[in-house]
1. Heavy atoms only, probe 1.4 angstrom, no DNA, RNA or ligands counted: give me Ser274, Ser242 ranked by accessible area, highest first.
2. Quote the FRET efficiency, to the nearest 0.05, computed for Leu185 versus Glu156 with a Förster distance R0 of 45 Å and r equal to the Cβ-Cβ distance.
3. To the nearest 0.05, what FRET efficiency results for Glu279 and Glu315 with a Förster distance of 22 Å applied to their C-beta separation?
4. GluC sites (Glu not before Pro), restricted to the stretch 195-226: which are DSSP loop and have at most 12 other Cβ atoms within 10 Å?
5. Quick one: if the Förster radius is 30 Å, what FRET efficiency do Val148 and Ser95 give, using the C-beta to C-beta distance and rounding to 0.05?
6. Could you give the angle, 0 to 90 degrees to the nearest 10, between helix 191-205's Cα long axis and the longest principal axis of the Cα atoms of the chain?
7. Using a 7 Å offset from the Cα along the Cα-to-Cβ direction at both Arg103 and His57, what is the distance between the two label points in nm, to one decimal?
8. Using the basic label-point model (7 angstrom from Cα toward the beta carbon), what is the Ala50 to Lys135 distance in nanometres?
Amino acid sequence: MSSDVETSLRGPKAYALARKAIEAMEAHQVWPTALNFELWVHYVAAKDSALATEIDHLIEAGEPFTDAVGEQLAAQFLPKAKLNGEILEAGQTLSKELDSVSRAIESARETSEAYGQQLASASESLDGEDAQAIKSMVETLTVATRKVREENHALESQLQDTTAELGRLREHLEQVRRDAMTDALSGLANRKAFDEALERACDQGEQGGPVTLAVIDIDHFKSFNDTWGHQTGDQVIRYVASVIQRCSPAPRVSARYGGEEFAIIFPGESARDSLAVLEAVREEVSSRILKRRSTNEDLGAITISAGIAERKPGESPASLVERADSALYASKRGGRNRTSCADPIAAAA
Ligand code: C2E
């Protein structure tokens, strides 16, 4: 399940959400299988999601909600189901390839064993034979040798195909791994990748270098979404993400942390260094008047608020996030469209 829905299912609204999902399933005559339940929990929890829109279309069209429809929706909209499907498929292809290589090796082994036996019996029968017998023996050996050569050739070309197929599989699995760490809407690292990167940066920070974390939130995003609709809201998220990405190349890690919230990890950089980057992001974001793509109307300029915290020696990732969040809320309270530091003296130094 996406992390937002998963969080809701562990919060105070969990039972109400589950009941709503079951009621909706009953109303639309959907069997309460585990997969359907997961889909319908998403449906009731995020009515504005792409999955909910698709389910609404099916309901409007009076389409029955069959197992096949459920599986197709899960593969398309539930990231984990899609991932599991892809890994399963890659595993099956790999096991087919390995089967066919083992069969080819077994057949080559049998041929060369038979060849060895033919050679042994030929050498036995050569003792004391006349020229005619030797000629027929040589013919037999020539045929057997050709067969071994052909088998070896086939094996070699099969190994080549398999090596190429394994290369493709490795690439595909690498792509699946990348997708699993990437936020589909913004193209930035997702929450899972962010958590891992922050943990790594903090571990490396133990060797002495600073680590700074910035969290960024789009100002008034909810009312923007309510006014212009979610599709335009998604474009704004992509716009802010693209500016963040441009201004903070690797080894910095830019992530979409939640709905309209982003984070940047600055390994080896102080709060002061990162403040300059954050100010550049903030200025660039607000410098463009966005247009609504469908009507060309002006959407106005977007602003962001940010909070920065530099890690204290031995500080945990969770505490660092908390301090950066508090700094972000200081920016919000201070009037938005600004960056605040958790430790202003260190940033000014
Ligand atoms: P996108 O629509 O996929 O555009 C990707 C990139 O293509 C843009 O990156 C920009 O470099 C270029 N591009 C696309 N359309 C135009 C255009 O009409 N004129 C120019 N000069 N370049 C264009 P960029 O600017 O970083 O934007 C990233 C994403 O932010 C866009 O992805 C879009 O989702 C969103 N975005 C940016 N500006 C606007 C806007 O004015 N209105 C809306 N609705 N979305 C925008």
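1. On the way: Ser274 0, Ser242 40 Å².
The residues order as Ser242, Ser274, largest area first.
2. Working: r = 47 Å, r/R0 = 1.05.
That pair, Leu185 with Glu156, gives E of 0.45.
3. Numbers: r = 24 Å, r/R0 = 1.10.
Calculated value: 0.35.
4. Details: sites: Glu196, Glu199, Glu206; in loops: Glu206.
When the GluC sites (Glu not before Pro) of the stretch 195-226 are filtered for loop state and at most 12 Cβ neighbours within 10 Å, Glu206 remain.
5. Details: r = 29 Å, r/R0 = 0.95.
Approximately 0.55, to the nearest 0.05.
6. With both axes taken from Cα atoms, the answer is about 90 degrees.
7. Label at Arg103, label at His57, 4.1 nm between them.
8. Going by the 7 Å Cα→Cβ label model, 7.7 nm.
The values are calculated or read from the model by the stated rules, or taken from the named source; none is laboratory data. These figures come from a predicted structure and were not determined experimentally. Every residue, glycine as well, gets a Cβ built from its backbone with ideal geometry; the counts of neighbours run over all protein chains shown. What goes into the accessible areas is simple: the full protein's heavy atoms, side chains included, and nothing from ligands, DNA or RNA. Shrake-Rupley method; radii C 1.70, N 1.55, O 1.52, S 1.80 Å.
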